[in-house]
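Below you'll find the structure, written out as structure tokens, and then a few comments.
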Amino acid sequence: MHNVTSVIKCILPYHETALFVRVVRLCKLNEEWLFLHNVKKTKTKLDRATLVQNCLKDTHLLNFICELVVREHPMRLAPRSRG
């Protein structure tokens, strides 16, 4: 796979599923996705606690997830009008 970042964007919400593991195993992971090497190697799902720990260590990952959420759900994050 050539555009790993786009694939991760699509599959990351499903990090606790077997499908996520299968897709990650197909990806050629670069330095940006080092935390996924364990998923690929052990063939185990990425639990939420591990994902959160990786976000705490890697601000790039945290920004990636935040941008993904904002892009996918812009109306939910819009300020509420006071009236």
**OP:** Return a yes/no flag: does segment 33-40 have any residue that is loosely packed, with under 14 Cβ neighbours inside 10 Å, among the charged types (D, E, K, R) and over 10 Å from the mean Cα position of the chain (by Cα).
**Re:** no
Original post:
Given the conditions (1) at pLDDT below 95; (2) surrounded by 10 or more Cβ atoms within 10 Å (Cβ to Cβ), which single one is not true for Arg76?
Top reply: (2)
**OP:** Using the structure shown, decide if Arg22 is exposed (fewer than 12 other Cβ atoms within 10 Å of the Cβ) and in contact (Cβ under 8 Å) with a residue 24 or more places away in the chain.
**Re:** no
**OP:** Only one of these is in contact with a helix residue (DSSP H, G or I) (Cβ under 7 Å, 6 or more places away or on another chain) and surrounded by fewer than 16 Cβ atoms within 10 Å (Cβ to Cβ): Lys28, Lys9, Lys45, Lys57. Name it.
**Re:** Lys28
**OP:** Would you point out the residue of segment 1-32, among those that are of a type in the set (Ser, Thr, Tyr) and modelled with pLDDT of 95 or more, that is nearest to the chain's Cα centre (by Cα)?
**Re:** Tyr14
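The values are calculated or read from the model by the stated rules, or taken from the named source; none is laboratory data. Computed from a predicted structure; not experimentally measured. Cβ: placed from backbone, ideal geometry, glycine included. Neighbour counts: every protein chain shown.
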